[in-house]
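Asker: Structure provided below as structure tokens; questions to follow.
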Amino acid sequence: MPVSPSSPPAERRVGGDAVFLVLAAAAMVCMVVAAQRTWSSAVRTEQSRAQAHALHQWMVQAGHRPDDPVAQACALAPSGPREAPHWGDCARALVAEGGPLAGVRNAFSGAPLQVIARCQHGAHATFGQIVVGRRVAPASDAAAGHGTAAGLAPDDALTHPLALRLQVCDSAGYAIDVADLAL
């Protein structure tokens, strides 16, 4: 029986089906890999948030520990900036032996956790780090603003009143708010 020229040969149709199945399987593998990477990043971000939340709890209770040297390094002075501790001393005490972040590892890199001034988009060194910044009130005409945070410099004096914002850097280097603290 002769084959009509308009009907495709069976071999061509099977070959097309095989290409489709290979492409579909490749797409599914890519989706599984992307989902796994997204899940892993989310878990690490939540670990970083938990670390920042633990620091927040420590900072809330630090004023009630007068004989703790780390708490003293971060204690707020009621008077002028000359007599007040500086943020650089406090930040070093937080990660030093006996501090609340001593021995804590960065969830993304496994390196020792650091307290930094700000997150940097795309900078792998900031992923998972904790940011402690001075909370800045929103402009009066801001529609929904809850304010922003300006990084603390090492020589910033820790004086009353002090409003802080704790953040963590996610896997893209963006800041995620964890807690606000008014001291």
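Asker: Using a simple spin-label model with points 7 Å from Cα along the Cα→Cβ vector, what separation in nm is obtained for residue 76 and residue 121?
Answerer: Between residue 76 and residue 121, the simple spin-label model gives 3.3 nm.
Asker: Taking every pair of alpha-carbon atoms in the stretch 21-117, what share in percent sits in each 5 Å bin, from 0 to the bin with the longest distance?
Answerer: Taking all Cα pairs of the stretch 21-117, the binned fractions are 2, 12, 16, 17, 13, 9, 8, 6, 5, 4, 3, 3, 2, 1, 0 percent.
Asker: How do the peptides 113-121, 38-46, 53-61, 15-23 rank, highest first, by the average count of neighbouring beta carbon atoms within 10 Å per residue?
Answerer: Details: 113-121: 17.9, 38-46: 13.8, 53-61: 16.1, 15-23: 10.2.
Result, highest mean first: 113-121, 53-61, 38-46, 15-23.
Asker: Given axes a ≥ b ≥ c from the Cα gyration tensor, I'd like to know whether the stretch 30-183 is rounded (a/c under 1.5), prolate (a/b larger than b/c) or oblate. Provide the component values of the computation, followed by the final result.
Answerer: Working: a/c = 2.35, a/b = 1.46, b/c = 1.61.
Taking the square roots of the gyration eigenvalues as a ≥ b ≥ c, the stretch 30-183 is oblate.
Asker: To continue, here is another question. 7 Å from Cα along Cα→Cβ at both residue 27 and residue 39: what's the point-to-point distance in nm?
Answerer: 2.2 nm
Each value in this text was obtained by applying a stated rule to the coordinates, not by laboratory testing. For clarity, every value in this text was computed on a predicted model and none was experimentally measured. Cβ coordinates were reconstructed from backbone atoms using ideal geometry, including for glycine residues, and neighbour counts include every protein chain displayed.
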